[in-house]
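A.B. asks: The structure's right below; bear with me while I get my questions together.
The values are calculated or read from the model by the stated rules, or taken from the named source; none is laboratory data. Since this is a predicted model, take the numbers as computed values, not measurements. For neighbour counting, all protein chains shown are included, and Cβ atoms are generated from backbone atoms with ideal geometry for every residue, glycine included.
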Amino acid sequence: MRTLLLVYCLLLGTAEAREVLIVGNNYGAPKIYAQNDQPSGLLVDILSYADASLPQHQLTLHLYPWARAYWMAREHQAGIVGLSWTAERQQIFDYSIPLFYDEVLVVVRRDRAFDFAGLDDLAGRRVGLGAGGSFGEDFEQARRRGAFEVIEDNGPVPRLKKLLAGRIDAALINPGLASLQWAIGQDLVLRKRAGELLALPQPLKRDANYLGFHKSMAMGEFLEAFNAVIQQGYDSGEIPRLLERSSRPVAQESAAPAGESVPL
């Protein structure tokens, strides 16, 4: 499959501005994804907001499959947005404050549904997630001790197809129902068989997303300024209002009663 390279200069900035290269995931709608050959999504909107308040820096965003983006960040070629926290990653990256929280859904085949209240309920099961992905330290500890088998892929569409084919027992999809519905809408087979899928009422977790830089890049001064902008944006309500406007059409379509399984 041809690698898709997307470049999005959030603001041109001034000649004196320092470029800050950031990479991210190209298939994480509605959080961050490619749309009409341009980066789109909630994290992109947050970065754009920060860029407008940091005239001394020019933020430039490139989107790749997550595994490649994460490799680039590990090789200190760029910062990475959408990064979850783990103890291992804390040794590698300097983190921003949280930018966004997303729900990680546990999606199953309706005819093979099981009760889910936490990680222990994945024991012995095959779990699908994106290549290079992680959902926090508890998840990583369970993964390392072999509590469940992780099967990686290149996006939610092939993940859901594996689920329908019985090759995995659960697909982890984020952020929330909007992402699940977006993935189903991308593929004819998934649209035809959507009624066979079930999002369990209890999510795996509410996952914090960060901007991170390899410690060798010495981005502490930038992160201090960036964090101040993000904190001010949340304190003032500007970022929540921005996210509400960005997600409203999808959120209205995906509304469901709290605590119920959601048929699609």
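A.B. asks: Name the single residue that is nearest to Ala147 (Cα to Cα) among those in region 164-183 being surrounded by fewer than 19 Cβ atoms within 10 Å (Cβ to Cβ) and in contact (Cβ under 8 Å) with a residue 40 or more places away in the chain. Walk me through it before giving the result.
C.D. replies: Our first condition is that a residue be surrounded by fewer than 19 Cβ atoms within 10 Å (Cβ to Cβ); within region 164-183, this holds for 164-167.
The next check asks that each one be in contact (Cβ under 8 Å) with a residue 40 or more places away in the chain; those that pass are 164, 166-167.
Numbers: Leu164: 22, Gly166: 19, Arg167: 17 Å.
Among them, the one singled out is Arg167.
A.B. asks: Identify, please: which residue in region 229-244 is exposed (fewer than 13 other Cβ atoms within 10 Å of the Cβ) and under 20 Å from Asn174 (Cβ atoms) and is, among those, modelled with the highest pLDDT?
C.D. replies: Pro240
A.B. asks: Please pick out the residue among Phe100, Phe139, Phe93 that is surrounded by 17 or more Cβ atoms within 10 Å (Cβ to Cβ), at pLDDT below 95 and closer than 24 Å to Val44 by Cα.
C.D. replies: Details: Phe139 fails: closer than 24 Å to Val44 by Cα; Phe93 fails: at pLDDT below 95.
The conditions single out Phe100.
A.B. asks: Sticking with this structure for a sec: Return the residue satisfying two criteria in turn: it lies in region 52-87 and is of a type in the set (Gly, Ala, Ser) and over 19 Å from Leu223 (Cα atoms), and of such residues it is surrounded by the most Cβ atoms within 10 Å (Cβ to Cβ). Talk me through it step by step, then tell me what you get.
C.D. replies: Going residue by residue through region 52-87, those that are of a type in the set (Gly, Ala, Ser) are 52-53, 67, 69, 73, 78-79, 82, 84, 87.
Subsequent filtering for residues that are over 19 Å from Leu223 (Cα atoms) retains 67, 69, 87.
Numbers: Ala67: 15, Ala69: 24, Ala87: 10.
The residue in question is Ala69.
A.B. asks: Something else now. Which residues, taken from region 26-58, are assigned to a helix (DSSP H, G or I) and of a type outside the set (Asp, Glu)? Can you show your working first?
C.D. replies: Taking region 26-58 first, the residues assigned to a helix (DSSP H, G or I) are 42-52.
Hits for region 26-58 are Leu42, Leu43, Val44, Ile46, Leu47, Ser48, Tyr49, Ala50, Ala52.
A.B. asks: Please state which of the following conditions Val127 fails to meet, knowing it meets all the rest: (1) under 29 Å from Ser48 (Cα atoms); (2) at pLDDT 95 or above.
C.D. replies: Val127 satisfies every listed condition except (1).
A.B. asks: In this structure, does Leu211 turn out to be over 23 Å from Glu137 (Cα atoms) and either touching a residue at least 24 places away in the same chain (Cβ under 8 Å) or of a type in the set (A, V, I, L, M) (or both)?
C.D. replies: Numbers: over 23 Å from Glu137 (Cα atoms): no; either touching a residue at least 24 places away in the same chain (Cβ under 8 Å) or of a type in the set (A, V, I, L, M) (or both): yes.
Against the criterion (over 23 Å from Glu137 (Cα atoms) and either touching a residue at least 24 places away in the same chain (Cβ under 8 Å) or of a type in the set (A, V, I, L, M) (or both)), Leu211 does not qualify.
A.B. asks: Same structure, new question: For the condition among the polar types (S, T, N, Q), under 18 Å from the mean Cα position of the chain (by Cα) and at pLDDT below 95, what is the one hit in Ser247, Ser261? Reasoning before the result, please.
C.D. replies: Values: Ser261 fails: under 18 Å from the mean Cα position of the chain (by Cα).
The match here is Ser247.
A.B. asks: Using the structure shown, decide if Pro55 is within 14 Å of the chain's Cα centre (by Cα), over 19 Å from Ala178 (Cα atoms) and not basic (Lys, Arg). Break it down stepwise before answering.
C.D. replies: Numbers: within 14 Å of the chain's Cα centre (by Cα): no; over 19 Å from Ala178 (Cα atoms): yes; not basic (Lys, Arg): yes.
For Pro55, the condition - within 14 Å of the chain's Cα centre (by Cα), over 19 Å from Ala178 (Cα atoms) and not basic (Lys, Arg) - is not met.
A.B. asks: Search region 6-51 for residues being small (Gly, Ala, Ser) and at pLDDT 95 or above, and hand back the single one that is surrounded by the most Cβ atoms within 10 Å (Cβ to Cβ). If you could, list the steps in order and put the result at the bottom.
C.D. replies: Residues of region 6-51 small (Gly, Ala, Ser): 13, 15, 17, 24, 28-29, 34, 40-41, 48, 50.
If we keep only those that are at pLDDT 95 or above too, we end up with 24, 48, 50.
Working: Gly24: 31, Ser48: 16, Ala50: 25.
Per the stated criteria, the residue is Gly24.
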